[in-house]
Amino acid sequence: MDLPLLAVSTVCQRLNFTDFGSVGTCFVENVLFGDVALAGIIIFILFAALVVRYNFPVTMMIPLGIALGYVLWLMTGAEIFMGMFILALIIGGAVLIIGLMQYLNR
């Protein structure tokens, strides 16, 4: 009895496991059904879980959030990550201004 053949994308047919870009593309194509925004959301959830688990201070979370939002936007091109990046920039700027005002008030 022959088993049905699964459709494998052309990226995954000749997969080189030392090329992380092709491994990532194959993973997103087959596991996440080609939706890179879903991959970005999973990465963001993992980041948020690490922040909660290890109780990072706000001064560490803001630059990490800015960097993560920018990288996820570059990776996916999804508008939600661009919005998160801009929101993180605004929050970072507000925290910087509050810190500067406290410093000048001394």
Residue count, region 36-79 (criterion: over 20 Å from residue 96 (Cα atoms) and of a type in the set (Ser, Thr, Tyr)): 2
Report, ordered by the first and then the second residue, all pairs with beta carbons closer than 6 Å, sequence separation of six or more or different chains, a first member in region 41-64 that is of a type in the set (Val, Ile, Thr), and a second member that is part of a helix (DSSP H, G or I) and surrounded by 14 or more Cβ atoms within 10 Å (Cβ to Cβ). 51/61; 62/92
Given the options 25, 76, name the one that is outside the structural domain of residue 98 (by TED's automatic domain parsing), crowded, with 16+ Cβ neighbours inside 10 Å, polar (S, T, N, Q) and modelled with pLDDT under 80. 25
Test for residue 56: is it of a type in the set (Phe, Trp, Tyr), buried (at least 17 other Cβ atoms within 10 Å of the Cβ) and at pLDDT 75 or above: no
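The values are calculated or read from the model by the stated rules, or taken from the named source; none is laboratory data. Predicted, not measured: the structure shown is a model, and the values here were computed from it. Quick reminder, even Gly has a Cβ in these numbers, built from the backbone with ideal geometry, and neighbours come from all protein chains shown.
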